[in-house]
Amino acid sequence: MQEVYNATVTGKILLTQELMILRLRSDESRDEFKAGQFTQIGLLAAESRSAHSTVPIDELSDDFLIKRPYSIASAKTETRDFEFYISHVKSGQLTPRLFSLQQGNRMWIDDKIMGIFSLNDVPAKTNIVMIATGTGLAPYISFLRSHIADHPEINMAVIHGAANPWDLGYYSELTLLQKLFKNFHYFPTLLKADNSWTGLHGYIEQHLKAGLLEENGIENHPDKTHYFLCGNPKMVESVSSFLFEKKFTKNTKNSPGALHIEEY
């Protein structure tokens, strides 16, 4: 039944009961991809579900392959070892099974890597602002791992919104990058942090409106800066509205723009 599997779990980091970093190695290498792209991963319905999940309404046959798209967090040169940042959807079909995986377990990964959410359309010497909530951070980790050393002449920033400090995946890595690269800025902002949190509080858009980026040398103009948005639809809508007022336009296959939105 498991002959459909073509990858092995090499690592599982539980950040909380609801967030994890999953690493796997495919049996065969893929072609080098563009940082920010996504692929599908999957498990058979016969696999066990996590103890913290709820039973879904729809029942699936054991041999049904459940697959979903996830942004790749690993660098574009990692063509066998893939990393994913995953949130536990308790009533979902796939993530409760993913959260039950252990190192050495087998699973499926698509041989196709897709998406136009990449830095390829960003003009040279243009600042890059990456905005995310939750696991929408994943493609930016791939951006940074793949490209940060190649862009000393521009400012790069990550603004990551979350509820609590423990929801800030990749906090240590991003903090280290900020220390190593003078042109990189990391702005985590929290909604439910107590007084022990000394960083930003509140919604992402309120910091944009208050001039957070301009204070750090990033010009808020479509000729100077490209924005990337990935995460909660309400955040995407709110930040997009703010940027539309600043004359930013959405980047599409047929119409280049300085606002890039990840949409599966």
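The values are calculated or read from the model by the stated rules, or taken from the named source; none is laboratory data. Note that the coordinates shown come from a computational prediction; the quantities given were computed from them, not determined experimentally. Cβ atoms come from the backbone with ideal geometry, glycine included; neighbour counts cover every protein chain shown.
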Open item on the list: Of everything in region 168-191, what is part of a strand (DSSP E or B) and closer than 20 Å to residue 16 by Cα? Give them in sequence order.
Closed with: 188, 189, 190
Open item on the list: Return the pair list, or none, for Cβ contacts closer than 9 Å from residues in region 41-59 that are in a strand (DSSP E or B) to residues that are of a type in the set (Asp, Glu) and loosely packed, with under 14 Cβ neighbours inside 10 Å, at least 6 apart or on different chains.
Closed with: 44/62; 44/63
- [ ] Give the residue that is surrounded by the most Cβ atoms within 10 Å (Cβ to Cβ), with candidates limited to residues of region 131-157 that are in a strand (DSSP E or B) and touching a residue at least 60 places away in the same chain (Cβ under 8 Å).
- [x] 132
Task: region 84-106: number of residues that are surrounded by fewer than 21 Cβ atoms within 10 Å (Cβ to Cβ) and not in a loop (DSSP other than H, G, I, E, B) - done: 2
- [ ] Return the only residue of 128, 116 being surrounded by fewer than 22 Cβ atoms within 10 Å (Cβ to Cβ) and of a type in the set (Val, Ile, Thr).
- [x] 116
- [ ] Tell me which residues, restricted to region 158-195, are over 24 Å from residue 128 (Cα atoms), touching a residue at least 12 places away in the same chain (Cβ under 8 Å) and out of contact with any strand residue (DSSP E or B) (no Cβ under 8 Å at 6 or more places or on another chain).
- [x] 192
Task: Search result, residues across region 39-63 that are out of contact with any Leu (no Cβ under 7 Å at 6 or more places or on another chain), closer than 18 Å to residue 102 by Cβ and of a type in the set (A, V, I, L, M) - done: 41, 46, 51
Task: Which listed residue, of 211, 217, is over 20 Å from the mean Cα position of the chain (by Cα), assigned by TED's automatic domain parsing to the domain that holds residue 152, at pLDDT 95 or above and on the phi > 0 side of the Ramachandran plot - done: 211
- [ ] Return the pairs, sorted by first residue and then second, in which the second residue is assigned to a helix (DSSP H, G or I), the first residue lies in region 245-264 and is within 19 Å of residue 209 (Cα to Cα), the beta carbons are less than 7 Å apart, and the residues are 6+ apart or on different chains.
- [x] 259/240; 259/243
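Residue by residue, here is whether (1) of a type outside the set (D, E, K, R); (2) buried (at least 19 other Cβ atoms within 10 Å of the Cβ); (3) on the phi < 0 side of the Ramachandran plot holds:
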{"position": "4", "(1), (2), (3)": "yes, no, yes"}
{"position": "12", "(1), (2), (3)": "no, no, yes"}
{"position": "22", "(1), (2), (3)": "yes, yes, yes"}
{"position": "42", "(1), (2), (3)": "yes, yes, yes"}
Task: Criterion violated by residue 264 - all others in (1) at pLDDT below 95; (2) over 25 Å from residue 162 (Cβ atoms); (3) among the hydroxyl-bearing types (Ser, Thr, Tyr) satisfied - done: (2)
- [ ] Run down 39, 135 and say which single residue is β-branched (Val, Ile, Thr), at pLDDT 95 or above and not assigned by TED's automatic domain parsing to the domain that holds residue 23.
- [x] 135
